[in-house]
Amino acid sequence: MNESVVAWLAGSAAQEAAVYLLGNVPGLPPIAQSLHILGIVAVMSSTTMIHLRFLGLAAPSQNVSEMISRLMPWTWWALLVNAVTGLIFVVGRPDRYFLNPVFGWKFMCLVPAVAIALVIYQMNKRDLGFWEHTTARLRSARVMAAVSLVLWVGVVLAGRWIAYTDYLYFLYE
Amino acid sequence: MNEETSVPFPEFWNWIQALPLSEHIGFTWWFPFLESLHVLAVGLVVGSILMVDLRLLGKTALSIPASRMTREMIRWTWGAFVLAAITGLGLFMTRAAAYIENPAFQIKLVLLMLAGCNMAWFQFRTLRHVDQWDTASPPPQAARIAGGASLLLWIGVIFAGRWVGHII
């Protein structure tokens, strides 16, 4: 399946455009990568802080429901920025990503992490204080927070390792 | 490039990168491992600072006293900063002589120092009288300037830091 995505993107107008932009806009690769890191920063200070709050590790005086409505819109904007800045590279060199197992691991962490964030946000939006109303809900929110924290760490680590996978194969050959 | 370097103490940087630990990091999976931890730590450093900066700018969380926001976030900032500094030092050691000459790296260090000065000024001047403006909306000009400067400086640190790898 990944091979067919590569075949579909390779030589497409989108790929040509991405390659052209990356090669001809001065400083575009580091600028896009820096914006991508700033997106991670925004996720860290929104979703991740809320998870740490659920687990009683951060911001003890702040109300968790208020934190969710205040901070999580930042998560969605950050994810949009990261999708755009990431796509430039993925579309430009699809083989480097779709044939790379670490890229797959990144998304195996990212998709459930975003799903958990959506559940936490939507339930709180529909019913403010949803996660605090019963101990059972609070407990499940804590489990989701712990799982999600591990997933986000996985997203960041895997994201950085994508670029090193060739090096890794070289080491183990 | 080390023979005609403009940077002081060229022998020292060469000595650092010739250390067994530097070579071990540079030639094994330690480098990408430390680098990925560095990105994670930087995310948490700037993420926790971002929350304080936006509060100081009066953009968000005005219902939470500035002193409390600062106090609750600073432990995460410092904890993550220690991790970022240790992992960053590990990365630096591998090619110390080249990094120290790298303009992006030099700019990053200057921005870090300016961010530190801004933080110290805020801590010892503006925050000392926080009881007078803790819940003020908008926060006083000194707090807004500190928050805005911090935000710009840390964004600059991230751009310069990412640029380091494109120059070396």
Helices (runs of 4 or more DSSP H) completely within segment A:1-68 that count 2 or more residues being modelled with pLDDT of 95 or more and within 13 Å of chain B (Cβ to nearest Cβ): A:28-43, A:49-54
A:TRP105 vs. criteria more than 14 Å from A:VAL43 (Cα to Cα) and open to solvent by 50 Å² or more (accessible area, probe 1.4 Å): yes
Subset of segment A:116-131 that is open to solvent by less than 80 Å² (accessible area, probe 1.4 Å) and in contact (Cβ under 8 Å) with a residue 40 or more places away in the chain - its residue that is nearest to A:PHE54 (Cα to Cα): A:TRP131
Condition met for A:GLY154 (open to solvent by less than 40 Å² (accessible area, probe 1.4 Å) and on the phi > 0 side of the Ramachandran plot): no
Selection count where residues are under 19 Å from the mean Cα position of the chain (by Cα), more than 10 Å from chain A (Cβ to nearest Cβ) and not polar (S, T, N, Q), scope segment B:56-81: 5
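Yes or no: B:ILE107 among the aliphatic types (A, V, I, L, M), assigned to a helix (DSSP H, G or I) and surrounded by fewer than 21 Cβ atoms within 10 Å (Cβ to Cβ)?
Spelling it out, B:ILE107 is indeed among the aliphatic types (A, V, I, L, M), assigned to a helix (DSSP H, G or I) and surrounded by fewer than 21 Cβ atoms within 10 Å (Cβ to Cβ).
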The one condition in (1) without any contact (Cβ under 8 Å) to a residue 60 or more places away in the chain; (2) open to solvent by 50 Å² or more (accessible area, probe 1.4 Å); (3) among the basic types (Lys, Arg) that B:ARG95 fails to fulfil: (1)
Wholly enclosed helices (runs of 4 or more DSSP H) of segment A:89-173 bearing at least 2 residues over 19 Å from A:THR75 (Cβ atoms) and of a type in the set (Gly, Ala, Ser): A:135-162
Some residue of segment B:21-30 being more than 14 Å from chain A (Cβ to nearest Cβ) and not in a helix (DSSP H, G or I): no
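The values are calculated or read from the model by the stated rules, or taken from the named source; none is laboratory data. Since the structure is predicted, the reported quantities are computational estimates derived from the model, not experimental observations. Positions of Cβ are generated from backbone atoms using ideal geometry, with glycine treated the same way; all protein chains shown enter the neighbour counts. All accessible areas refer to the heavy atoms of the entire protein, side chains included, with ligands and DNA or RNA removed. Shrake-Rupley method; radii C 1.70, N 1.55, O 1.52, S 1.80 Å.
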